[in-house]
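Below you'll find the structure, written out as structure tokens, and then a few comments.
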Amino acid sequence: MKLAIIGAGLAGLAAAHKLRHSQSAIEIVIFEKSRGLGGRAATRRLHGATFDHGAQYIKAPTPELEALLREGAAQETLHDIGLPVWTFDQHSQIAEGDPAQNSDPKWTYSDGITRIAKELAQGLDIRRQIRIGHIAQANGSYILFDEQDAIVGAADAVLLTPPAAQTHDLIAASALPKAAQETVLAELAKVSYRPCLTVTLGYPPKLHPRPFYALVNTDRQHPISWLAYEHLKPGRASGDQHIVIAQMAPEWSTSHWNDNLSQLTEQVAALVSTLLDEDLGTPLWGDRQGWRYALPDGRADFDTLNSAIRGLFFAGDYTAGQGRVHLAIEQGWRVAEKIIAGLDKS
């Protein structure tokens, strides 16, 4: 059996990793539209700093997830951040966070959260910078076309793992049984997304010590949704700078999506100083990343999607209803089991 996976985010990589280790007869090819792996589990190196500009850490609430994190060489760089997340409201009032939630480890890697994607990707056939535009059924298999209508592959089954909105557009453009296609499109349409601008600021090493690693906004009434001291992650400290990650609220992100970097740096730096009640001065540098599909609102039903069209499978954090690293991995595992079950019946 030949399986094509569209998207090298964590759901796609987790599914491929599980299948590769349990079903050696399956030939897997992954098509990824970008040069990177892991989707929002992304790390950037800039101005001598290493920082995570998407997902901030990984939770591992099950033994299976923790075992995955400790696989291979990754365990050498795996750390619990060890500091709590506190909260703030629309008035910039900071308070201690939930003790129960803060008691759980917040896993990260000293070389960046993208390490988890690199570990999952080992040994896989990943073809980068190929964007699949549509698919078509032909003689019991699937043909994959890029955006220029060129054939880039064929497979017995296809797993789609992009965000629900992008998957919706791909399925809508594809030649598939009409009634089943409409079922899938209706299910995917249940999910919308909150966009997020991540603005990273580098400062001289003068920020006041704090009893927390990060702050999260609880009432969704502040321009900042999340603020983190990236330099406090184990192994990330840089002697000549402190690194602040500001993830902006959806409405603010949408309003400022097209602002240039200097505008964003100035505006966000002012908001950070106000929130912390600390005059941080002018940052040494700034960086930006726009995530149009940062967090899913709503949930598409996993079973409906994965039983509608023979040989087509779907996975992503949108089938769990929340944008979390561990949920994306678990949904990848879940769809892998669905694929295996289909093999057992054939």
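The values are calculated or read from the model by the stated rules, or taken from the named source; none is laboratory data. This is a predicted model, so every value here is computed, not measured. Reconstructed Cβ throughout: ideal geometry from the backbone, glycine too, with neighbour counts over all protein chains shown. Keep in mind that these areas ignore ligands, DNA and RNA; they rest on the heavy atoms of the full protein, side chains included. Shrake-Rupley method; radii C 1.70, N 1.55, O 1.52, S 1.80 Å.
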Practice item. Counting only C-alpha contacts under 8 Å and six or more residues apart, can you give the relative contact order of the range 95-253 as a whole percent? Key: 18
Exercise for review: Could you pull out every residue, at least 5 positions away or on a different chain, whose amide H is within less than 5 Å of the one on L197? Hs are placed 1.01 Å off N in the peptide plane, and Pro or chain starts have none.
Suggested key: M248, S253, W291
**Study point:** Helix 261-276 axis, angle to the chain major axis (alpha carbon atoms, nearest 10°)
**Key:** 60
Practice item. Identify the residues of the range 151-177 with backbone N under 15 Å of a label point that sits 7 angstrom from the Cα of R127 along the Cα-to-Cβ direction, or state none. Key: 151-159
Revision key, fill the gap. Percent of all Cα-Cα pairs per 5 Å bin for the range 54-185, counting from 0 up to the last occupied bin, reads 2, 8, 13, 13, 11, 10, 11, 12, 9, 6, 3, 0, 0
Check your understanding: Computed over the Cα atoms, what is the radius of gyration of the range 1-71 divided by 2.2 N^0.38 Å, N being its residue count?
Key -> 1.31
Check your understanding: Are there trypsin sites (Lys or Arg not before Pro) in the range 266-346 that DSSP puts in a loop and that have at most 14 other Cβ atoms within 10 Å, and which ones?
Key -> R310
**Study point:** FRET efficiency for D219 and A67, using Cβ-Cβ distance with R0 set to 35 Å, rounded to 0.05
**Key:** 0.40
**Study point:** Distance between the range 57-112 and the range 203-241 - C-alpha centres, whole angstrom
**Key:** 14
Check your understanding: How far is it, in nm, from the label point at A186 to the one at A136 when both lie 7 Å from their Cα along the line to the Cβ?
Key -> 2.7
Practice item. May I ask for the angle, rounded to the nearest 10°, between helix 178-188 and the longest principal axis of the chain, with both axes built from Cα atoms and the value confined to 0 to 90°? Key: 10
Check your understanding: Pulled fully out, how much extra length does the chain show between D169 and I151, if you take 0.36 nm times their separation in residues and subtract their Cα-Cα distance?
Key -> 4.7 nm
Check your understanding: What net charge do the residues around T265 carry, taking every other residue with its C-beta under 13 Å from that of T265, with Lys and Arg at +1 and Asp and Glu at -1?
Key -> -2
Practice item. Using Cα pairs closer than 8 Å and at least 6 residues apart in sequence, work out the relative contact order for the chain, in percent. Key: 23
Revision key, fill the gap. Taking a straight Cα-to-Cα line shorter than 25 Å from K233, and setting aside same-chain lysines fewer than 8 residues away, one finds K59, K106, K118, K206
Review point. Quick one, what does Rg over Rh come out to for the range 265-346 if you take C-alpha atoms and the Kirkwood Rh?
Key: 1.29
Check your understanding: Between the helical axis of 325-345 and the dominant principal axis of the chain, each derived from Cα atoms, what acute angle in degrees is found, rounded to the nearest 10?
Key -> 10
Practice item. Post the alpha-carbon centroid distance, the range 265-322 to the range 126-167, in whole angstrom. Key: 25
Exercise for review: Calculate, for S307 and Q263, the FRET efficiency according to 1/(1 + (r/R0)^6) with r their C-beta to C-beta distance and R0 45 Å; round to the nearest 0.05.
Suggested key: 0.40
Exercise for review: Take the Cα atoms of the chain, build their convex hull, and give its volume per residue in Å³.
Suggested key: 138
Point to revise | the chain, accessible surface, carbon-and-sulfur percent (1.4 angstrom probe) | key: 47
